[in-house]
Every structure is written in structure tokens, then in C-alpha cells.
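The values are calculated or read from the model by the stated rules, or taken from the named source; none is laboratory data. Note that the structure is a prediction, hence the values are computed from the model and not measured. Neighbour counts are summed over all protein chains in view; Cβ atoms, including those assigned to glycine, are modelled from backbone coordinates with ideal geometry.
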Amino acid sequence: MSMMKEFREFAVKGNVADMAVGIIIGAAFGKIVSSLVNDVIMPPIGLLLGGLDFSSFGITLKGAMGDQPAVLLRYGVFLNTLVDFIIVAFAIFMVIRMMNKMRRKEEKSEVVAVPTTKECPECKMTIPIQATRCGYCTTAITRK
């Protein structure tokens, strides 16, 4: 099978489209979560801690010299990003958890075993459910 044919099959099956939709929705969700963290969650936490703005937290590694800006280790931005990640991870966890619950319910409702064999009333051998005569003892079997 040629590479182009394999790629065409891959692209046509919808995997690429599904992945693209997931990435686009994920990026939009990431922006929402970033706004939630930066604009809704962190300001009250900062207020409780005395009006601190976490995004401004940092350590100056090298001061500004002339037109060169200072080199900063901005751990406050990292804290905001960490809270973003925790919220996104929790939201994804909750969605997956709901999907797993629904899948388990579907599996339970679908698992209804339909018998394919029955026992001969005379010789007690296993025979097909639709048999009208036992293949072992030739007893006539009446259907129920």
C-alpha cells in the first residue's frame, strides 16, 4: 500500500477532522480557563493575601542595564499557569468520568446473553437451541 493511499484513508476516516476539532475546542477552553484563573480566581486570593498580584511575583536575576531589560525569574506567572493546568485537568477528568459512567451503563444494558444451546431432556447432552431432535439419542424435542 502506498503512503499516499494510506494517508488518504487516514484523512478520510475522520480522524484528522476529529483531532482538529478537539484542538480548536481545547484552545478555546484554555483561553476561558486562563481568564477564569487570571480574572476571577487569583484577584480574590491576592486580596485575601493583602492585595498581592501573583503575576507580578518574580526574582530579578540581572538588573536592567541601559536599553537591555532586566532578566527575571517570574514564578508568579508560573503559579497562574499551574492553577490553569489544575482546572483544565480537573474539567477533563470530570468529562472522562461522565463518559465512563455512561459507557458502563450501556455495557450493562447490552450484556444480555441469548442462549444458543439447550439440554436434551432424555440424555442431558447439549444441543443447539433450534434442534427438534437430539443428535445423540434421536429423541424428538418439542419447542417451548
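Just to be sure, is D67 acidic (D, E) and either outside the structural domain of K31 (by TED's automatic domain parsing) or within 30 Å of I41 (Cα to Cα) (or both)?
Here the answer is no, as D67 does not meet what is asked.
Conditions (1) at pLDDT below 85; (2) aliphatic (A, V, I, L, M); (3) exposed (fewer than 10 other Cβ atoms within 10 Å of the Cβ), marked per residue:
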| site | (1), (2), (3) |
| --- | --- |
| I92 | yes, yes, no |
| N100 | no, no, no |
| K105 | yes, no, no |
| V111 | yes, yes, yes |
| V114 | yes, yes, yes |
| K118 | no, no, no |
| M125 | no, yes, no |
